[in-house]
Amino acid sequence: MISKMMPSELRQALNKALEPSTDLQDPKKCKHKRKAGDNFGVSCLDCGSVLEGYGYIAKRSKTCIHKYVLTENISKICIYCEDLSSNTL
Ligand SMILES: [Zn+2]
Ligand SMILES: [Zn+2]
């Protein structure tokens, strides 16, 4: 029977297990070895720092850490927010 209410202690333990890790490393000390990325950006899994773009799953940051790439017509564009670099080469 899975319709039974869970004992509150078990439910608390489960909630805790589902929470994002609370013992994140200090970003200043972290070497950002474990990274996760998607179309929105890249974040460090160990300290939670946004490393590129808006961070993994666009959750961490409201501003984009631009990562510019050269396009075929030799202009620089951010791969995450598609901002065109104002810097000319
Ligand atoms: Zn890190
Ligand atoms: Zn950007």
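None of the figures in this text is laboratory data; all of them are computed from the coordinates on show. None of the values given here were measured: they were computed from a predicted structure.
Taking θ as phi - 60°, what are the ³J(HN,Hα) couplings along the stretch 42-48 by the Karplus curve (6.51, -1.76, 1.60), each to the nearest whole Hz, with x for Gly and Pro?
Values per residue, Gly and Pro as x: 10, 10, 8, 6, 7, 10, x Hz.
Starting from the Cα gyration tensor of the stretch 23-89, take the square roots of the eigenvalues, sort them a ≥ b ≥ c, and report rounded, prolate or oblate (rounded when a/c is under 1.5, otherwise prolate if a/b is larger than b/c, else oblate).
Working: a/c = 2.75, a/b = 2.33, b/c = 1.18.
Prolate is the answer for the stretch 23-89, as a/c is 1.5 or above and a/b outweighs b/c.
Between Tyr80 and residues 5 or more places away or on another chain, which pairs have amide H atoms under 5 Å apart, with H built 1.01 Å from N, and which residues are they?
Lys67
Using θ = phi - 60° and the Karplus form 6.51 cos²θ - 1.76 cosθ + 1.60, what ³J(HN,Hα) does each residue of the stretch 32-41 get, whole Hz, x for Gly and Pro?
Listing the rounded values in order: 6, 7, 9, 10, 10, x, 8, 5, 8, x Hz.
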